[in-house]
Amino acid sequence: TWVAEGVTNAVDVEAIRDILFFAADMRAESIEAPATNDLEQYGLDVPRATLTFGLSGEMGIQKSLLLGARAGEKGMYSMVQGQDLIFVLPALLGERLSAGMLKDE
């Protein structure tokens with residue numbers, strides 16, 4: 001939903017710019033495990049955030065990045081939906097990518 005308690009439905013353009021900036025050079029800290037049916041241990045069964053990136057053009061595709069639980073001090077468990085790999089994104093990157101995209105009231 002785009003509307004939550006305490007926020008408007010107005011998109012925070014600066015937050016979107018930040019997300020795109022950090023996503024452009026995204027690199028995993030480490031590979032954690034092959035994807036499993038037990039995503040709960042990584043916080044990916046109900047991710048804290050899901051970002052869907054759409055590519056336009058002839059080969060227009062969409063990929064969704066799932067952001068899960070903290071991976072200790074290392075970062076945040078993550079995976080690309082439909083791919084067979086769980087990886088760890090750096091903590092700061094995970095926080096930036098899961099930041100709110102709506103303006104506060």
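The values are calculated or read from the model by the stated rules, or taken from the named source; none is laboratory data. Treat the numbers as computed from the prediction; the structure is a model and nothing was measured. Note: ideal-geometry Cβ built from the backbone for every residue, glycine included; neighbour counts use all protein chains shown. Please note that ligands, DNA and RNA were not included when accessible areas were found on the heavy atoms of the full protein model with its side chains. Shrake-Rupley method; radii C 1.70, N 1.55, O 1.52, S 1.80 Å.
Can you tell me which condition residue 15 does not meet? The list is (1) modelled with pLDDT of 85 or more; (2) open to solvent by less than 40 Å² (accessible area, probe 1.4 Å), and all the others hold.
(1) is the only condition that residue 15 fails.
Okay, residues lined up against (1) modelled with pLDDT of 90 or more; (2) surrounded by 15 or more Cβ atoms within 10 Å (Cβ to Cβ); (3) among the acidic types (Asp, Glu); (4) in contact with a Gly (Cβ under 9 Å, 6 or more places away or on another chain):
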| position | (1), (2), (3), (4) |
| --- | --- |
| 68 | yes, yes, no, yes |
| 76 | yes, yes, no, yes |
| 83 | no, no, no, no |
| 86 | yes, yes, no, yes |
| 92 | no, no, no, yes |
| 97 | no, yes, no, no |
| 102 | no, yes, no, no |
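Report, by residue number, each residue of the stretch 57-105 that is assigned to a loop (DSSP other than H, G, I, E, B) and under 19 Å from residue 11 (Cβ atoms).
Residues satisfying the conditions are 98, 99, 100, 101, 105.
What are the residue pairs meeting all of these: first residue in the stretch 78-98, first residue within 12 Å of residue 30 (Cβ to Cβ), second residue open to solvent by 20 Å² or more (accessible area, probe 1.4 Å) and in a helix (DSSP H, G or I), Cβ atoms under 9 Å, and 6 or more apart or on different chains?
Pairs that qualify, where the first residue is within 12 Å of residue 30 (Cβ to Cβ) and the partner is open to solvent by 20 Å² or more (accessible area, probe 1.4 Å) and in a helix (DSSP H, G or I), are 78/42; 86/39; 86/42.
Which residues, taken from the stretch 12-31, are among the β-branched types (Val, Ile, Thr), assigned to a helix (DSSP H, G or I) and either in contact with a Lys or Arg (Cβ under 8 Å, 6 or more places away or on another chain) or closer than 22 Å to residue 74 by Cβ (or both)?
Residue satisfying the conditions is 19 alone.
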